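Visitor: Here you go, one structure.
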Amino acid sequence: MLIDAHLDLAFNAVAMGADLRLPLDQLRASDFGQLNTSKHETPTVSLPTIREADIRVVFGTIFVQAPRTTFKLDGPIYNTPEEANQQGWAQLRYYHELAANQEIKLIGGLGDLETVVQGQTPLPGLLPLMEGADPIRDLAELPEWRAAGVQIVGPAWGATRYSGGTGAPGPLTPAGRELMRGLREHGMALDTSHLSEESFWEALQLFDGPTIASHANCRAFVPTDRQLSDDMIRAVVERDGVIGIVPTNLFLVEGWKPKDGKTVGLDAVVRHIEHICAIAGDTRHVGIGSDFDGGFGVEWLPAGMESIADLPQIGTALLAAGWGQADVDGVL
């Protein structure tokens, strides 16, 4: 059984036209797959492949793309809060449609979580996570988003109306400070991934609720603002939060470029996991947030990994590094 804390399923389906119900080989043969393969971003994720890997829980993102970012993806952008809102709701509706068609089970509370984790349903559970808060036009909308299933909000991707982000340093905006209070009021969790350093620390001063980093690696090995410093890791751990490691070469090894190919091994994933465990003093605060097909594909994954079905290989690598099975199960 695995948990993957970050997959851009709705963006790929709604914005990019991927039919994620297809087996992976058919998805790769589709127009979506051929386009991405031509860019050396061969798809790695489909719903059948998630089931094949026994991934019981996924955090499915709601992600909309701003016009000016340091890393441009294909697909539509938004230019106004209204456009961001419309795109965000379209993605959340997609998850509800999957649930209505018995492709996934939406996780609305602990009872649903226990059902999927214990294997009482053959469907993978999905917990909606907002990556970049710009779909929220006004904080008065938070109860509506929460009622529709959004339980975790990350204020940033690049810069947003709420915070600084990756490649865009800066503090929380006045709206971002109010967002922290709104998340606490409505019982929602904070995802610190992508927050600029200044926004990260300000957010933790204002928000005392559940805190995670759904997909982030260690700045000690890849010194960019996209990763977490040791102090940031320590702060998430002190909140009893979990950090999801991203097993993609760009985030694993300093200086890796796509032209380098699959030259990185799973030992690099183990190194990031063990670094967080050394800071935490235990193995309870690290997991996987693969972000697979979030702007990269097979060509960006460690050697031996060809799809999301290969995530269990991380467990094999941890066992080879001397881990016990119980600790491996806790990470995955």
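Visitor: Give the relative contact order (percent, whole number) for the range 114-248; include only Cα pairs under 8 Å separated by 6+ residues.
Guide: 18 percent
Visitor: Would you pull out the residues with amide H under 5 Å of ILE55's amide H, same chain only if 5 or more places away, H placed 1.01 Å from N?
Guide: LEU2
Visitor: Compute the projected area of the convex hull of the Cα atoms of the range 54-160, averaged over all viewing directions, and report it in nm² to one decimal place. Please report the intermediate quantities before stating the final value.
Guide: Values: hull surface 29.0 nm².
For the range 54-160, averaging the hull's shadow over all directions gives 7.3 nm².
Visitor: Would you mind pulling out the separation of the Cα centroids of the range 173-236 and the range 11-72, in Å?
Guide: Spelled out, the Cα-based centre of one part sits 26 Å from the other.
Visitor: Give, rounded to the nearest 20 debye, the magnitude of the charge dipole that the chain has about its Cα centre when Lys and Arg contribute +1 at Cβ and Asp and Glu contribute -1 at Cβ.
Guide: Charge dipole, the chain, about its Cα centre: 260 debye, nearest 20.
Visitor: Right, another one. Grab the beta carbon distance between ASP329 and ASN79, set R0 = 45 Å, and tell me the FRET efficiency rounded to 0.05.
Guide: 0.50
Visitor: Relative contact order, percent, of the range 1-142 when contacts are C-alpha pairs under 8 Å separated by at least 6 residues? Write out the running numbers ahead of the final one.
Guide: Numbers: 221 pairs, mean separation 40.3, N = 142.
After rounding, I find 28 percent.
Visitor: Quick check for the chain: number of Lys pairs with alpha-carbon distance under 28 Å, counting only pairs 8 or more apart or on different chains?
Guide: Pairs that pass both the separation and distance tests number 7.
Visitor: Once you put a point 7 Å from the Cα of THR37 and another 7 Å from the Cα of GLU254, both along the Cβ direction, what distance in nm separates them?
Guide: It is 3.7 nm.
Visitor: Right, something else. Fully extended, how many nm does the chain gain between ALA320 and ASP282 (0.36 nm per residue separation, minus their Cα-Cα distance)?
Guide: Extending this stretch completely gives an extra 11.8 nm.
Visitor: If you take the C-alpha gyration tensor of the chain, multiply each eigenvalue by 5 and take the square root, what semi-axes do you get, largest first, in whole Å?
Guide: 26, 24, 21
Visitor: If you don't mind, another one. Would you mind calculating the relative contact order of the chain from Cα pairs under 8 angstrom and at least 6 residues apart, reporting the percent as a whole number?
Guide: Working: 699 pairs, mean separation 59.8, N = 332.
Normalised by residue count, the contact order of the chain is 18 percent.
Visitor: Still on this structure: Determine the percent antiparallel among the DSSP beta bridges restricted to the range 2-331, to the nearest 5. Don't jump to the answer; show the numbers that get you there.
Guide: Working: 1 of 28 bridges.
Given both bridge residues lie in the range 2-331, the antiparallel proportion sits at roughly 5 percent.
Visitor: Once you order the gyration tensor axes a ≥ b ≥ c over the Cα atoms, which shape class does the range 227-294 get: rounded for a/c under 1.5, otherwise prolate or oblate by comparing a/b with b/c? Walk me through the numbers before you get to the answer.
Guide: Values: a/c = 2.23, a/b = 2.05, b/c = 1.09.
Taking the square roots of the gyration eigenvalues as a ≥ b ≥ c, the range 227-294 is prolate.
Visitor: If you don't mind, another one. Test of understanding: extend the Cα→C-beta vector of GLU185 to 7 Å, then name every residue of the range 109-150 with backbone N under 15 Å from that spot.
Guide: Inside the label zone: 137-147.
Quick note: the coordinates plus some simple rules give every number you see, no bench work behind them. Just so it is clear, the model here is predicted, and its values are computed rather than measured. Every residue, glycine as well, gets a Cβ built from its backbone with ideal geometry; the counts of neighbours run over all protein chains shown.
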